[in-house]
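Novice: First the structure, then my questions, so here it is.
The values are calculated or read from the model by the stated rules, or taken from the named source; none is laboratory data. The shown structure was predicted, so the numbers you read here are calculated from the model rather than taken from an experiment. Please note: Cβ atoms are built from the backbone with ideal geometry, for glycine as well, and neighbour counts cover all protein chains shown.
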Amino acid sequence: MVYYDKNGIVIRNLRPSDAQIITDEEIAQGWDATIDKYEMRLKHQAEGKAVALVAEWNGSIAGYINVYPDAKSGAFANRGYAEIVDFGVLEKYRRRGIGGKLMDLAEQIAFSYSDVVYLGVGLHRGYGSAQRMYVKRGYIPDGSGVWYKDQICEPYRDCCNDDELVLYLSKRIKQD
């Protein structure tokens, strides 16, 4: 299904052929990537657990985002809230409005399921642009502190500033 098609940006559902392309592109830009994550998103999409989206820029895969309508992990698990998971735009396609369009669409889908959407954002500098984007879009911390490996990181406990160290943020749909 195509959700958006304008000005060279196409946003559609993830397809099986996309998984290897995204993995290869991430490896080429120095990221630690495997195809497993995308195969899992495809499985969840087929099972109706997620909406997995891909953005194209002039016909080339440029980014991705996933919406889990009833998330089962994280700070808001099992509350019936939608979660945005695994959002990324390949470096060579950044600053073209692709990330903003992916987020717009992901939020639109999320808010069709619940009045709250949440996400976890990493804390190291590799997530700096995402952290700023989420704040500008109105996301606020949930108040539980940082999480490490899907659990609250208790004060003074050891953790590693890797991709597993996250802060959960949420946004409530605007009431008219």
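Novice: Quick check: anything in region 48-61 in contact with a Gly (Cβ under 9 Å, 6 or more places away or on another chain), under 21 Å from S73 (Cβ atoms) and surrounded by 14 or more Cβ atoms within 10 Å (Cβ to Cβ)?
Specialist: The answer is yes, given that some residue of region 48-61 is in contact with a Gly (Cβ under 9 Å, 6 or more places away or on another chain), under 21 Å from S73 (Cβ atoms) and surrounded by 14 or more Cβ atoms within 10 Å (Cβ to Cβ).
Novice: Give region 102-135 a look and list any residue that's among the aromatic types (F, W, Y), more than 24 Å from I61 (Cα to Cα), free of Cβ contacts under 8 Å to residues at least 60 places away in the same chain and not in a strand (DSSP E or B), or say none.
Specialist: Across region 102-135, the qualifying residue is only Y113.
Novice: So Y64 ticks every box in (1) at pLDDT below 95; (2) in a strand (DSSP E or B) but one. Which box is left unticked?
Specialist: (1)
Novice: Can you tell me which residue is farthest from R95 (Cα to Cα) among those in region 19-59 that are among the aromatic types (F, W, Y) and not in a helix (DSSP H, G or I)?
Specialist: W31
Novice: Follow-up. Would a scan of region 136-157 turn up a residue that is surrounded by fewer than 15 Cβ atoms within 10 Å (Cβ to Cβ), among the basic types (K, R) and assigned to a helix (DSSP H, G or I)?
Specialist: Within region 136-157 (the criterion being surrounded by fewer than 15 Cβ atoms within 10 Å (Cβ to Cβ), among the basic types (K, R) and assigned to a helix (DSSP H, G or I)), the answer is yes, since at least one residue qualifies.
Novice: Cβ contacts < 9 Å: first residue among the aromatic types (F, W, Y), restricted to region 74-101; second residue part of a loop (DSSP other than H, G, I, E, B) and surrounded by 19 or more Cβ atoms within 10 Å (Cβ to Cβ), any location; separation 6+ or different chain. Result?
Specialist: Pairs found: Y81/A71; Y81/S114.
Novice: Between a residue in region 38-57 that is closer than 19 Å to E26 by Cβ and any residue that is buried (at least 22 other Cβ atoms within 10 Å of the Cβ) and of a type in the set (K, R), which pairs come within a Cβ distance under 6 Å, given they are 6 or more apart or on different chains?
Specialist: A52/R41
Novice: Is it the case, given these coordinates, that D70 is exposed (fewer than 12 other Cβ atoms within 10 Å of the Cβ) and either in a strand (DSSP E or B) or modelled with pLDDT under 95 (or both)? If you could, list the steps in order and put the result at the bottom.
Specialist: On the way: exposed (fewer than 12 other Cβ atoms within 10 Å of the Cβ): no; either in a strand (DSSP E or B) or modelled with pLDDT under 95 (or both): yes.
Judged against the criteria, D70 is not a match.
Novice: Taking R41 and the conditions (1) within 11 Å of the chain's Cα centre (by Cα); (2) farther than 21 Å from D5 by Cα; (3) modelled with pLDDT of 95 or more, which numbered condition does it fall short on, given that it satisfies the others?
Specialist: Here R41 clears every test but (1).
Novice: Let me ask you something else. I'm checking my understanding of the structure. Among residues of region 8-27 that are free of Cβ contacts under 8 Å to residues at least 40 places away in the same chain and out of contact with any helix residue (DSSP H, G or I) (no Cβ under 9 Å at 6 or more places or on another chain), which one is nearest to N66 (Cα to Cα)?
Specialist: Top of the filtered list is S17.
Novice: Within region 53-87, restricting attention to residues that are of a type in the set (D, E) and over 16 Å from V2 (Cβ atoms), which residue is farthest from the chain's Cα centre (by Cα)?
Specialist: Filtering region 53-87 for residues that are of a type in the set (D, E) and over 16 Å from V2 (Cβ atoms), the one farthest from the chain's Cα centre (by Cα) comes out as D70.
Novice: Is it fair to say Y3 is closer than 23 Å to D104 by Cβ and surrounded by 20 or more Cβ atoms within 10 Å (Cβ to Cβ)?
Specialist: no
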